[in-house]
Structure formats: structure tokens, C-alpha cells
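Chemist: Right, I'll just put the structure down here and ask away after.
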Amino acid sequence: MPADTLTAARVKYLARDAGFDLCGIARAEKHPKLARLQDWIALGYAGEMSYLADSLAERLDPRVALPTAQSIISVGVVYNTAQPYSTTIDDPDRVAIARYAWGDDYHGVLRARLRVLLAALATEGGPGFEGLSCVDVDGMQERVWAEAAGLGWIGKNTCVINPKLGSWFVLGEIITNAELDADTPVVDQCGTCTRCIEACPTQAILPVTGPAGSEPYTVDATRCLSYLTIETRGEIDPALQPAVSTHVFGCDICQDVCPWNRKAAVSDDPAWQPRDGLAFPRLADLTRLSDAEWSALIKDSAMKRAGLSRLRRTLGYIARARVEPGARGLD
Ligand code: SF4
Ligand code: SF4
């Protein structure tokens, strides 16, 4: 029996109560923007992220994960804090860690809030309610659903941009059998701007031609510092190592330069406040950390995904780039 007692307005009210800054509804159906995912993987742009191909069926149709699905509730939480952007840091001793990784691991924070929301929806939806929550690697093309649900548009930097809040928010979803009124997608407002494309240090943002309705730009993950510093095992392609520059974990440049983030929303949520030493730390402070100190620093942090060996590998590139040619004493 489908859940028909919930309304979209009530879902949004409950989402705010559960700690989400954004909530919208999309229909659970094959979305035209998903069509290019398979080609993107076939072109090799996913690199070593084999989990994307492994979960392709769910990613192309949410009804694979929940056959009774009628709606997708897309939620977002602003993680931006009152700190400078990486593009404004002018101190050669400091390095950069992606903004989303300064506080608690967003996966855990969002999962906990989604559990609260799911429980509230199940209570109000009654015995016929079915729902499934997802975050990041759980097999949803989150940005496509966020755009379809009216949270913002997918910019040329491939981030979802909300016209009031900017793009510094993380996403989660609940797939449900509840039939909810869908929201209207936000119109793309990138216009003629190309700041993110010009600022990308590895030229990872590429124009693409795809099926009607698909995004006009994509990111070749195998050139993107977010992928290279977090996902790549072994050595980073020597041709791209200089572009690592100051980026220990992830990269925020294409969001830092986006005009929609000039007045981006800032959160005072304790979950996102930078842990000691993670917002633009000194290179020397990171390189001298012991294993135990690293473990303490990245405990329950998104930085755990890279692991100590990858973090130290990247720090090695950064340190080597700063010494005189031939002086490899920091190896
Ligand atoms: S995150 Fe950095 S490397 Fe990746 S596309 Fe954006 S600017 Fe380029
Ligand atoms: S920098 Fe410009 S082109 Fe890139 S996402 Fe922002 S508005 Fe769009």
C-alpha cells in the first residue's frame, strides 16, 4: 500500500527539523542527464573509481534500489565556515585541504540526519511507507537529483549551485514510495562565465556533447586534483604532479572562484568547524606528524578516505617542489 499521507511541504518541514538546509523533491524515474554517465565511464574519466561502474544500474534508475520508488527527496547541508578561500591564501608555508574535510566526516553527519528524517517520514507515512537513504558512494547520481529537485543548477564546474546559498553544501537523498509533488528545477545561471574552467590547474573541466538535456561540461576525474589526491593509489602521473601545488587533500579552486560563492552561506554548525590544524595548515606541521598524531587528526574525518600513505605521498610532492633541484633530502 503506497504511502499517501505525506505531503511535499510536510517532508520539507521534517527535513529542516532533521538538520538540513535544503530539501526538494524529484520524481523517481530515469532522468535524461543520467544517460551520459555510461559514456563518461567508458571514456576512462572515472579512473580507478570502479564503484561507479559497479553501481551503474542503480545510478541509471533509482527504482533498481527501491522498485516501488515514486519520489526522491534530495537534501543538502551547508558546510561552509567563516574562513578564507584557498585562492586568497598568500602564505607559501601553508597548504590546502578541501573545505568539506575540515570538520567531521560529512558521510557520518548526513547518515545520522537522514536516519532521523527517515524515521519521522516512516512514522507519518504509516505502514505503507517505504524509504531508502543514500549518501555519496551509496549509488545515486546525487547532483542530477539535487538539480531535478530544485536545489540548484549543475554549474560548469559540475557542482550544484544554489542561487541563495552558493555551492558549499553536501547532498543526501531518500528514495521513497510516497507520491510527493515534485519541485521545478532551477534555471542554469552560469551564463557566459568561464572562471572555473580558466582557474582549474589541470584543465580538468571539459566541454562535451551529449544527449539533449545533458550537462555541457564535465570533469575528467583523472585530471582533477580531488581525484588525484584522494583516490589515486600509487604515484600521481608525473605530468600532473606540479599541479598538486599546495593541495594535500582535494581541491576547492573551481568553487573558490565561482561568483556565486562570493556571498555564500556560512554555517555555525559545530560539525563543520575546522579541527585544529586542518584549515590551511603549515606544510612543516603536517610533515612532522607521527602516525599516531595523524590518526588522531583524521579520526572521523573525510580525510580518512585518502589514508596516511596517500596523504604522505602528496605531502612529498609538495615538499619536493619547494626544495632546490637536486636537493632531495625530504624524500
Ligand atoms: S576541483 Fe580543482 S582540479 Fe578539480 S576540476 Fe575543480 S579546479 Fe580543477
Ligand atoms: S565559475 Fe562561472 S562557469 Fe563556473 S560554475 Fe561558477 S558561474 Fe558557472
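Chemist: Step through the table entries K12/K304; K156/K263; K33/K263, compare each Cα-Cα distance with 24 Å, and write down the pairs that go over it.
Modeler: Numbers: K12/K304 32 Å; K156/K263 19 Å; K33/K263 29 Å.
In this structure, K12/K304; K33/K263 exceed 24 Å between Cα atoms.
Chemist: Mind listing the lone cysteines of the chain, meaning no other Cys beta-carbon sits under 4.7 Å from theirs?
Modeler: C23, C134, C159, C190, C193, C200, C224, C251, C258
Chemist: Compare the Cα positions of A119, T87, A204 along the charge dipole of the chain (+1 at Cβ of Lys, Arg; -1 at Cβ of Asp, Glu; about the Cα centre) and return the one farthest towards the positive end.
Modeler: Checked the options; the winner is T87.
Chemist: Starting at the first residue of region 68-82, write each ³J(HN,Hα) from the Karplus equation 6.51 cos²θ - 1.76 cosθ + 1.60 with θ = phi - 60°, in whole Hz, x for Gly and Pro.
Modeler: 8, 4, 10, 9, 10, 8, 9, 10, x, 10, 6, 10, 5, 10, 6
Chemist: In debye, nearest 20, what is the charge dipole magnitude of region 174-331 about its Cα centre with +1 on Lys and Arg Cβ and -1 on Asp and Glu Cβ, if you could check? Numbers along the way, then the final one.
Modeler: Working: 17 positive and 21 negative charges, 167 e Å.
Magnitude of the dipole: close to 800 debye.
Chemist: Where is the GNM fluctuation largest for the chain (alpha-carbon springs, 10 angstrom cutoff): V170, V75, V109?
Modeler: Comparing V170, V75, V109 in the GNM, the peak value goes to V109.
Chemist: On a full-extension model of 0.36 nm per residue, what is the gain between A112 and L60, subtracting their alpha-carbon distance, rounded to one decimal in nm? Walk me through the numbers on the way to the answer.
Modeler: On the way: separation 52, 0.36 × 52 = 18.72 nm, distance 2.58 nm.
Contour length minus the Cα-Cα distance gives 16.1 nm.
Chemist: Something else now. How large is the helix-only mean residue ellipticity at 222 nm for the chain, computed as the sum of -39500 (n - 2.57) over DSSP H runs with n ≥ 4, divided by its residue count, in deg cm²/dmol to the nearest 500?
Modeler: Mean residue ellipticity, 222 nm, calculated: -8000 deg cm²/dmol.
Chemist: Gain in length, M49 to A9, computed as 0.36 nm per residue apart minus the alpha-carbon separation, to one decimal in nm? Please report the intermediate quantities before stating the final value.
Modeler: Working: separation 40, 0.36 × 40 = 14.40 nm, distance 3.69 nm.
Here the answer is 10.7 nm.
Chemist: In a shell of Cβ-Cβ distance under 12 Å around S50, excluding S50 itself, what net charge do Lys and Arg (+1) and Asp and Glu (-1) give? Please report the intermediate quantities before stating the final value.
Modeler: Working: positive: R233; negative: E48, D54, E231.
Its environment carries a net charge of -2.
Chemist: How do D21, D300 stack up against each other in accessible area, from largest to smallest, with a 1.4 angstrom probe? All intermediate terms of the calculation are to be shown ahead of the outcome.
Modeler: Numbers: D21 60, D300 85 Å².
Ranked from most to least accessible, the order is D300, D21.
Chemist: Under 1.5 on a/c is rounded, so check that first for region 117-210, then, if it is not, pick prolate when a/b is larger than b/c and oblate when it is not; a ≥ b ≥ c are the square roots of the alpha carbon gyration tensor eigenvalues.
Modeler: Numbers: a/c = 2.85, a/b = 2.30, b/c = 1.24.
Because a/c hits 1.5 or more and a/b exceeds b/c, region 117-210 counts as prolate.
Chemist: Assigning unit charges at the beta carbon (Lys, Arg +1; Asp, Glu -1) and nothing else, what dipole magnitude in debye, to the nearest 20, does region 90-235 show about its Cα centre?
Modeler: On the way: 11 positive and 21 negative charges, 40 e Å.
Value, rounded to 20: 200 debye.
Chemist: Rounded if a/c is under 1.5, else prolate if a/b beats b/c, else oblate: with a ≥ b ≥ c from the C-alpha gyration tensor eigenvalues square-rooted, which is region 11-103?
Modeler: Values: a/c = 3.17, a/b = 1.33, b/c = 2.38.
The shape class here is oblate.
Chemist: Give me the distance in nm between label points sitting 7 Å out from Cα along the Cα-to-Cβ direction at E235 and Q38, one decimal.
Modeler: The answer from the label model is 3.8 nm.
Chemist: At a threshold of 8 angstrom on Cα-Cα distance, excluding pairs fewer than six apart, so keeping six or more, what relative contact order does the chain reach in percent?
Modeler: Values: 610 pairs, mean separation 85.0, N = 331.
Result for the chain is 26 percent.
Chemist: Another question about this same structure. Label-point separation (nm) for R94 and A119, each offset 7 Å from Cα along Cα-to-Cβ?
Modeler: Going by the 7 Å Cα→Cβ label model, 4.0 nm.
Chemist: Also, quick follow-up: Can you tell me the FRET efficiency between V208 and T184 if r is taken as the Cβ-Cβ distance and R0 is 30 Å, rounded to the nearest 0.05? Mind showing how you got there, number by number?
Modeler: Working: r = 25 Å, r/R0 = 0.84.
For V208 and T184, the calculated efficiency is 0.75.
Chemist: Further, regarding this structure: Using all alpha carbons of the chain, what is the percent of pairwise distances in each 20 Å bin, ordered from the shortest bin to the longest?
Modeler: The distribution over the chain is 30, 57, 12, 0, given as percents.
Chemist: Treating only the Cβ atoms of Lys and Arg (+1) and Asp and Glu (-1) as charged, compute the dipole magnitude of the chain about its Cα centre; round to the nearest 20 debye.
Modeler: Working: 34 positive and 42 negative charges, 93 e Å.
So the magnitude is around 440 debye.
Chemist: Per residue, how much accessible area does the chain show when a 1.4 Å probe rolls over the protein heavy atoms, in square angstrom? If you can, show how the numbers build up before the last one.
Modeler: Working: 15090 Å² over 331 residues.
So the chain comes to 46 Å² accessible per residue, rounded to a whole number.
The values are calculated or read from the model by the stated rules, or taken from the named source; none is laboratory data. A quick note: this is a predicted structure, and the numbers were derived from the prediction, not measured. No Cβ is skipped: glycine too gets one built from the backbone with ideal geometry, and neighbour counts run over all protein chains shown. All accessible areas refer to the heavy atoms of the entire protein, side chains included, with ligands and DNA or RNA removed. Shrake-Rupley method; radii C 1.70, N 1.55, O 1.52, S 1.80 Å.
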